[in-house]
1. If the reach is capped at under 19 angstrom between alpha carbons, list the lysines near residue B:40, excluding any in the same chain fewer than eight residues apart.
2. When the distances between all Cα atoms of chain B are binned every 10 Å from zero, what whole-number percent does each bin get?
3. List the trypsin sites (Lys or Arg not before Pro) within the stretch A:75-108 that fall in a DSSP loop (any state other than H, G, I, E or B) and whose Cβ has at most 13 other Cβ atoms within 10 Å.
4. So how far apart, in nm, are the two label points at residue A:173 and residue B:23 if each is 7 Å from Cα heading toward Cβ?
5. Counting only other chains, and only Cβ atoms inside 10 Å, what mean value do you get across the residues of B:154-163?
6. Using only Cα atoms, find the angle between the long axis of helix A:106-126 and the longest principal axis of chain A, and express it within 0 to 90 degrees, rounded to the nearest 10.
7. I need two numbers for the stretch A:17-124: Rg to one decimal and Dmax as a whole number, Cα atoms only, in Å.
8. What Kirkwood radius, in Å to one decimal, follows from the Cα pairs of the protein assembly as shown?
Protein chains: 2
Amino acid sequence: MSALAEVFREHGYEGASLSLLSKATGLGKGSLYNFFPGGKEEMMEAVLADIDSWFATTIFAPLEQAQDPAAAVTSMIEDVTAYFRSGRRVCLVGCIGLNSSGATFAIRIRSYFARWISALVQCLETAGVPTSPAEQIAEEVVSGIQGAIVLARALGDDAAFLRIIHRQHSTLLDAIARMPPQSA
Amino acid sequence: MSALAEVFREHGYEGASLSLLSKATGLGKGSLYNFFPGGKEEMMEAVLADIDSWFATTIFAPLEQAQDPAAAVTSMIEDVTAYFRSGRRVCLVGCIGLNSSGATFAIRIRSYFARWISALVQCLETAGVPTSPAEQIAEEVVSGIQGAIVLARALGDDAAFLRIIHRQHSTLLDAIARMPPQSA
DNA sequence: GCCATCTTGTACCGATCGGTACAAGATGGT
DNA sequence: ACCATCTTGTACCGATCGGTACAAGATGGC
């Protein structure tokens with residue numbers, strides 16, 4: 001399963017040929033089509049669903065139910081840094097959304113980013129940050145992470161990813177720290 | 001020429017088939033291979049060179065030779081917003097760098113971003129911003145633009161692109177305004 | 001008008017694409 | 001042990017891939 005994801009990540013949807021997918025999974029085409037009768041499209045859909053659920057439990061839910069907002073955003077930053085391997089690993093959802101092959105998965109892509117932003121907003125609001133700046137900051141951070149991936153990949157420079165992500169982290173902590181502690 | 005670029009932008013390198021390229025340009029395969037004997041790779045190389053030169057004259061050079069840094073960054077923001085069509089249009093250089101097909105063009109991709117950042121640093125330094133924060137800000141802004149494209153595309157929301165870019169603009173102007181005006 | 005050069009369309013190449021058919025091999029309930 | 005079901009590999013399908021060959025058609029210097 002994660003082998004499929006890695007092929008799509010590295011080669012994109014069009015570039016991920018069945019032979020690559022077959023080789024990466026160690027399964028023959030027969031097996032692949034047994035599990036995914038819908039072919040490549042269904043494989044991608046399954047991979048996206050897998051990613052979605054991983055983010056939902058690891059990233060989104062903790063943010064949404066955070067008791068300690070500062071700790072929640074710190075742990076998000078850590079998880080994201082580990083997940084994207086400091087920018088060496090690409091965000092499949094963001095990637096697919098860029099070219100026309102992603103039109104098929106538009107709803108899923110949109111909801112992935114929408115929920116990420118809304119989870120972050122919710123976390124900031126828990127910390128007492130008013131809605132309007134919270135929305136701005138959340139949007140900026142999620143966008144900033146995607147930008148960091150693009151730039152780090154292009155420059156082949158992991159350190160750049162870490163620097164940018166660190167700055168997003170500071171932005172979040174500053175916003176939280178500025179607010180009077182709320183007793184939920 | 002720009003027709004080729006648009007196909008690569010929209011479908012990626014792998015997804016841009018010769019039939020698509022042929023249809024987009026109105027030229028037959030024979031003509032295409034007459035101009036680009038190296039095939040698809042040479043076409044992409046030419047497109048990247050074209051983009052590179054456009055950015056060099058329109059974006060990079062004005063930043064590097066800016067007399068009025070504030071005006072220079074403002075005009076950069078305007079040009080970039082127009083060029084990327086408020087996030088509807090994708091950054092081909094950033095895109096290609098994400099998946100493995102971009103390995104062939106790694107040097108060109110790297111130098112595109114490196115020069116963009118260095119041009120921005122130079123502009124900020126002209127305004128009297130010390131090197132260290134200038135590098136941080138430049139990196140953040142270039143990365144932020146890429147992130148804005150990814151997010152706006154994913155959400156199908158031009159307004160998000162404009163909001164994020166506006167914030168990057170403010171960051172640049174703030175950094176410049178904080179410094180005592182320098183007489184070059 | 002003539003000829004060399006440049007440009008174009010069409011036909012074609014082997015390879016690979018995504019996808020199907022199907023028979024042989026595992027698997028597990030009884 | 002038996003049989004139905006699930007799983008797998010292989011062979012194969014038409015379509016399209018990137019790329020080539022080449023002859024007919026434009027073009028322009030002279």
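The values are calculated or read from the model by the stated rules, or taken from the named source; none is laboratory data. Owing to the predicted nature of the structure, the values given are computational and were not obtained by experimental measurement. With ideal geometry, Cβ positions are generated from the backbone for all residues, glycine too; neighbour counts draw on all protein chains shown. When the accessible area is computed, the model is the full protein with side chains, heavy atoms only, and any ligands, DNA or RNA have been set aside. Shrake-Rupley method; radii C 1.70, N 1.55, O 1.52, S 1.80 Å.
1. Hits, sequence-local ones excluded: B:23, B:29.
2. In order of increasing distance, the bins hold 9, 34, 32, 17, 7, 1, 0 percent.
3. A:88
4. With each label point 7 Å from Cα toward Cβ, the separation is 5.3 nm.
5. For peptide B:154-163, the averaged partner shielding equals 5.
6. In chain A, helix A:106-126 runs at an angle near 20 degrees to the longest axis.
7. When restricted to the Cα atoms of the stretch A:17-124, Rg and Dmax are 16.3, 49 Å.
8. Result for the protein assembly as shown, one decimal place: 21.6 Å.
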